[in-house]
Structures are given as structure tokens and as C-alpha cells.
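Contents: one structure, followed by commentary.
Computed from the coordinates by the stated procedures, all read-outs in this text should not be read as laboratory data. Computed from a predicted structure; not experimentally measured. Every residue, glycine among them, receives a Cβ derived from its backbone with ideal geometry; neighbour counts consider all protein chains shown.
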Amino acid sequence: MKNIRVTVPGGETLEAAPGTRAGDIGTPRSGGQRIVAAAVDGAAVDLTRPVTEDCAVDWIPLDSPEGIDILRHSTAHLMAQAVQSLFPGTQVTIGPTTREGFYYDFKRDKPFTPDEIEKVEERMRELAQQNLSIAREELPKDEAIELFRGMGEDYKVEILSGIPEDTVSVYRQGEWVDLCRGPHLPGTGFIQAFKLTSVAGAYWRGDENNEMLQRIYGTAFPSRKQLKEHLALLEEARKRDHRKLGKELDLFSFHPAAPASPFFHPKGALVYNTLVEYMRSLYRRYGYEEVITPQIFDAGLWLRSGHYDHYKDNMYFTRIDEREFGVKPMNCPSHTFIYAAKKRSYRDLPIRLADFGRLHRYEKSGVTAGLTRVRSFSQDDAHIFCTPSQIEQEIACLLDMLREVYHRFNFEDLEVFLSTRPDQYLGALETWERAEAALAASLEKRNVAYEISEGDGAFYGPKIDFVVKDAMKRGWQLGTVQLDFSMPERFDLGYVSPTGAEERPVMIHRAILGSIERFMALLIEHTGGAFPLWLAPVQSRIVTVTDQQQPYAADVRDRLLAGGWRAELDDRNEKLGFKIREAQVAKIPYALVIGDKEVQNETLSARKRGGENLPAMSVEAFLDRLREDVRQETEPVQ
């Protein structure tokens with residue numbers, strides 16, 4: 001049999017017998033790296049996978065992104081093996097990796113207790129130390145169904161019944177076996193640094209009409225040092241949880257009367273409205289006009305826009321006067337009506353319409369979480385109607401605007417993704433290809449590095465998504481720019497070209513903060529609730545030493561309020577240290593101490609949120625300091 005030719009890292013071409021295992025080609029363990037898998041023509045496979053034809057082979061080290069994903073996938077299997085060895089009769093369902101780790105869903109008659117989770121961890125360590133070989137095996141689907149049915153794994157049988165292929169793969173480690181596509185580590189001995197982090201309920205296949213399962217979350221890293229650093233970040237994340245801080249700082253709350261719909265308290269509403277006003281200030285500079293549109297539309301609108309067919313399950317509907325109406329989940333269709341309200345010329349374009357209207361989307365109760373996933377929200381939403389030749393300049397303008405906004409909030413670590421055509425889409429294939437090419441060209445001409453996110457575009461057009469990293473190195477998808485050739489056609493939008501012909505505009509959907517609710521959650525956790533001075537709901541709290549200073553302290557407060565600053569007075573009959581500590585716990589940027597000396601000299605003693613005591617100063621000098629602080633915080637990016 002003729003040998004196959006395999007190109008290995010460095011460009012060298014080797015010959016090997018057909019069926020040679022990927023890990024036996026070349027020298028994969030060179031350079032001191034722990035190699036855990038191979039990439040054959042770019043596809044990750046087990047080191048034991050036979051290579052049968054000419055190809056290129058690369059190696060996947062344990063500490064690479066691909067290697068860490070494989071490590072976590074294998075650790076999920078190790079956890080499932082440990083659970084079933086300790087608690088016979090427990091069924092396993094699915095166990096994917098996540099951005100931060102992995103989870104596995106289990107069917108068990110009673111909940112896992114904290115003590116049982118500790119036992120699972122200990123059993124995982126024992127199995128890892130045994131360095132069980134992890135072996136792939138391919139079976140006819142019918143044979144696999146019988147295998148798992150005999151094991152009492154009803155969920156695996158259901159999964160198998162939905163797989164179209166005639167052959168499936170399973171992985172064995174010791175006596176334990178699971179259905180999986182792989183790839184996996186060569187053995188459990190590679191799994192050294194892991195931690196089970198939490199337990200939660202989860203519906204089978206994410207459907208609340210299905211049975212509730214138990215989900216165990218965990219994480220794994222190539223080294224114990226990396227795991228320790230990650231666990232420290234998790235602990236910090238618990239302290240910064242926006243749901244916890246939202247209650248402590250009196251920002252927002254929820255009530256069963258309006259599930260997953262936040263109630264913003266006065267301080268939270270002030271932050272919310274300040275964010276909106278900041279975006280409005282940018283709109284004035286960047287040429288946007290704000291509009292207000294209805295909340296409820298005849299269902300015919302959603303049929304015409306395509307939302308009824310592609311988004312109906314996430315919408316709220318009602319019947320009025322024997323007509324079906326839908327509560328709007330997004331603003332885009334209504335903006336087409338404003339555009340079409342009069343005849344448009346190429347001289348009018350681009351038209352940039354912004355809308356802070358409330359939106360409502362039905363989210364399943366199992367996925368709602370604080371402000372990050374709600375049913376009622378508002379976006380810094382806008383739609384740009386332009387000519388095809390204006391796309392590039394509009395995208396360039398949007399990139400400048402995004403950069404300025406994220407700089408204001410100290411989000412400097414940014415990832416950009418170009419999301420392409422999904423499986424279900426509107427419009428012609430040629431239109432999609434033209435739209436994707438236009439977005440890619442815009443990014444490349446601005447020297448913006450990006451990754452392709454295959455199939456993640458909106459149903460009406462491709463998009464650019466912007467992911468920022470917060471103080472805990474977590475990624476949050478915020479801004480989005482979506483190019484839409486379909487909706488202008490569906491709503492028969494046009495403009496008169498320079499030649500007098502009727503042309504079709506392009507519609508650009510864009511948001512920068514995204515959902516204001518979700519952005520607030522991110523900002524609370526990013527800052528730990530310590531908002532910058534310009535955004536803080538209370539910028540200074542005046543605290544008195546005794547009742548004797550109350551008149552002067554009230555005058556100081558009134559002077560601050562008259563200057564447009566947000567100040568409050570704490571003149572309770574409490575100890576000074578107690579009142580200062582309360583101001584710090586409330587994350588107020590400045591505590592202003594007023595005692596007899598300050599009254600006599602008409603000064604104040606300022607203490608910064610971090611604990612720094614400033615020299616005594618006049619009220620006017622403190623006002624100057626506030627103005628300088630805000631100037632530094634809000635200075636535009638150069």
C-alpha cells in the first residue's frame with residue numbers, strides 16, 4: 001500500500017503508512033510541551049486517531065486554548081465517572097465546556113449536597129492518579145443505542161435517536177463509557193488542577209417543559225497556579241456580583257409581579273438615566289436624531305419584517321378588537337416607517353435614527369439572571385439608512401464612537417468578531433456575501449483585528465460584535481453593528497439617486513452599550529459598585545461630628561446641590577467613625593467631615609472612597625476638585 005504524505009510543523013513533509021496514529025507522526029513531544037491532541041488539516045483529533053490520507057498535522061499543547069478546552073472536556077467526563085461510581089443509578093446527559101470551565105447535567109432522585117460534591121472531587125483525584133487510558137471507539141448507532149439502553153441511560157438513548165449518522169463514537173476510561181465526539185486527553189493523568197464550583201438546576205435541553213436535572217459546574221487548568229488564580233477571580237466575582245451590590249447599594253430590585261423585569265430605585269434610575277444622557281451627548285456630536293416609536297404593533301408588521309417567523313417564540317402577543325398585536329422586541333421595523341414617511345433623496349442620506357424605547361422579549365425563566373438577562377429593557381439602539389457607497393464611512397464613524405465610549409468606561413481590552421450567515425436567514429445568498437464582504441473590508445481598512453464567528457449573524461444580516469474584558473478578565477458582548485439589505489426591501493424603502501432613479505438604501509443596525517440593563521450589570525461588577533465620580537448616584541456625603549455642626553453642614557450640602565453636584569447630609573446622632581464607614585460601604589466617592597474646626601474656618605475635611613484623607617479646604621476649592629476629577633474621568637480618547 002502506498003505511503004501517505006504528511007506535512008508537519010515547520011513545513012517538513014514526512015511519509016507514513018496509511019492508518020498511522022496522528023501522535024506517532026514526527027516528534028509531537030518536542031520543545032518540552034505536553035501534547036494532548038493533534039490538528040489534522042485544522043480539525044482537532046485524538047493522538048490515537050489513524051491518519052489515512054495526505055494531510056497536514058499540527059500539535060495541540062495542553063496549555064493552548066484548544067488544549068485547555070480538551071482538558072476541560074475530559075475533566076467533565078472524569079466528573080461524570082466519579083459521580084456514577086459514587087452514586088449508582090445516576091444518569092448522565094450532556095457535559096460541554098464553557099468559556100470558564102465545564103458542566104455536566106445529571107438525573108438523580110435527590111439533590112447533591114456540599115458534602116457529596118466534596119466526595120466527587122476526591123473520587124476525581126483518585127481516578128486521575130490512576131492515569132486511566134482514554135480510548136475512542138466507533139460503533140454502529142444501533143449498537144450504541146443498545147449499549148446505553150442496557151446501562152439505563154435513557155437520555156443518551158434519546159440523544160442517539162436524534163443523530164443522523166449511522167456510526168457514532170464513544171470514549172472509554174477504565175470501565176466507564178460515554179457517548180462523545182471528542183477529542184479527549186490521552187489519559188486521566190493529565191488532569192491535575194480542577195475544582196467543582198457550584199450546583200444548579202437545569203431543564204433537559206433547556207426547555208422548562210422538560211424534566212429538571214442537576215447541573216454541576218467545574219473548571220480545570222493546565223497548572224495548579226492557574227487554577228488558584230482563577231479561583232481568586234471567582235471569589236472576587238462573588239463579592240462584585242451585581243445582584244448582591246444592587247441590593248446593598250439600593251440600585252434595583254425584582255418582584256414576582258413582573259418576572260425578570262427590574263425595578264430601578266432612585267439611585268439606580270439616576271445611574272441609568274446618566275448613561276442614557278451620556279449617549280445622547282454623543283448623538284449630538286455624531287449626527288443622530290432621536291425618535292419615539294410605539295410599543296405595540298399589529299402582527300402584520302412582524303410578519304413583514306420576518307420576526308414572526310424567526311423570533312415569535314421570544315415575543316409577547318395579545319389580541320385587541322379581534323386583531324393580533326405583538327409587543328416590540330426591537331425597534332428596527334418601526335424606524336422603517338419613519339424613514340418611509342416622506343420621499344427621500346440621496347442628499348438626505350445618511351439618516352441616523354436613535355431610540356431608547358422599552359423593549360420586551362420573552363426569556364425562559366431558567367436563563368434569566370439579574371440584569372444580564374431580563375424581559376424588559378432598553379437599548380442605546382440606532383438605525384442608519386445610507387447608500388451602499390456610504391457603508392464604509394458609516395462603519396468607520398461607528399468604530400470611532402465605540403472606541404470613545406469604551407474608553408470612557410475603561411474598557412481597553414477589546415475583541416472583535418465578524419458573525420456570518422446563520423442556517424436560517426432572510427434574503428439572497430449573493431446579498432449576504434456582499435454584506436459580509438463590506439463589513440470585513442471596513443474592519444480591515446481601519447486595521448481592526450477580528451475573528452470570524454461562523455453562522456452567528458442575525459437572521460436578516462451579518463454583524464460585527466464587540467466583546468470587552470472587565471476587571472476580572474471576563475468577556476462581555478456589548479456593541480454590535482449589523483448590515484441589513486433585507487429589511488429595506490421588505491418595507492419597500494427607497495431614495496432618489498443622482499440620476500433620478502429609485503434606489504434601495506442599506507440599513508445598519510447598531511448598539512454600543514447594548515441593553516442598558518445588561519451594561520449596568522457589567523459596570524457594577526467591573527467597578528465593584530464604586531462608580532466613577534461623574535456616574536456615582538451620590539458623589540459626596542457630608543458627615544457631622546455632633547449636632548452643633550448641622551446648620552453649617554446643611555449650608556455646604558446646599559452649595560454642592562446648587563452647583564449641580566449630587567450630595568447628601570448625614571447628621572444622625574452616631575459616632576463619626578461609624579458614619580464614615582457607612583459612606584465607604586455605600587461606595588460614595590467623598591465623605592466630607594464637618595467638625596467645630598471646619599465650622600470656625602468655613603472649610604471641610606474630605607476623605608476619599610479609598611481611605612485617603614485630604615487637607616482641609618474651602619467649599620469652593622472642593623468644588624474645583626470635583627470639576628477636575630470629572631474632567632479627567634471624561635476626557636475624550638485621542
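In sequence order, the range 138-147 has phi-based couplings of 9, 10, x, 4, 4, 5, 5, 4, 5, 4 Hz under the Karplus curve 6.51 cos²θ - 1.76 cosθ + 1.60, θ = phi - 60°, and Gly or Pro positions carry x.
Think of the range 160-239 as having a plus end and a minus end, set by charges on the Cβ of Lys, Arg, Asp and Glu; of Val168, Ser223, Trp204, Ser223 sits farthest toward the positive end of this dipole.
Arrange the peptides 112-124, 503-515 so that the one whose residues have, on average, the most other Cβ atoms within 10 Å appears first. Spell out each step's value before the answer.
On the way: 112-124: 15.2, 503-515: 21.8.
Ranking the peptides 112-124, 503-515 by packing returns 503-515, 112-124.
In a fully extended conformation the segment linking Lys2 and Ile163 would gain 54.5 nm over its present Cα-Cα distance, using 0.36 nm per residue. Relative to the Cα centre, the charge distribution of the chain, modelled as +1 at Lys and Arg Cβ and -1 at Asp and Glu Cβ, gives a dipole magnitude of about 1420 debye. Between Glu404 and Glu235, the modelled labels are 4.2 nm apart [label points 7 Å from Cα along Cα→Cβ]. Under the combined filter of DSSP loop state and at most 16 neighbouring Cβ atoms within 10 Å, the range 298-399 retains these chymotrypsin sites (Phe, Trp or Tyr not before Pro): Tyr362.
Just list whichever of Lys107/Lys228; Lys225/Lys247; Lys267/Lys608; Lys107/Lys225; Lys225/Lys469 have alpha carbons separated by over 24 Å in the model shown.
Working: Lys107/Lys228 30 Å; Lys225/Lys247 34 Å; Lys267/Lys608 20 Å; Lys107/Lys225 33 Å; Lys225/Lys469 21 Å.
As for pairs spanning more than 24 Å Cα to Cα, those are Lys107/Lys228; Lys225/Lys247; Lys107/Lys225.
For the chain, give the share of DSSP beta bridges that are antiparallel, in percent and rounded to the nearest 5; count only bridges with both residues there.
85
Please sort by residue number the GluC sites (Glu not before Pro) in the range 347-428 whose DSSP state is loop and whose Cβ has at most 12 other Cβ atoms within 10 Å. Those that pass, being in a loop and sparsely packed, are Glu412. In the chain, the calculated helix contribution to ellipticity at 222 nm averages -10500 deg cm²/dmol per residue, counting -39,500 (n - 2.57) for every DSSP H run with n ≥ 4. Extension gain for the segment Glu412 to Ser198, taken as residue separation times 0.36 nm less the Cα-Cα distance, is 74.0 nm to one decimal.
Count charges around Asp166 for me, please; just the other residues with Cβ under 12 Å from its Cβ, Lys/Arg as +1, Asp/Glu as -1.
Details: positive: Lys141; negative: Glu138, Asp142, Glu143, Glu165.
Taking every Cβ under 12 Å from that of Asp166, the sum is -3.
Gain on full extension, evaluated as 0.36 nm per residue between Asp555 and Leu429 minus their Cα-Cα distance, stands at 38.5 nm.
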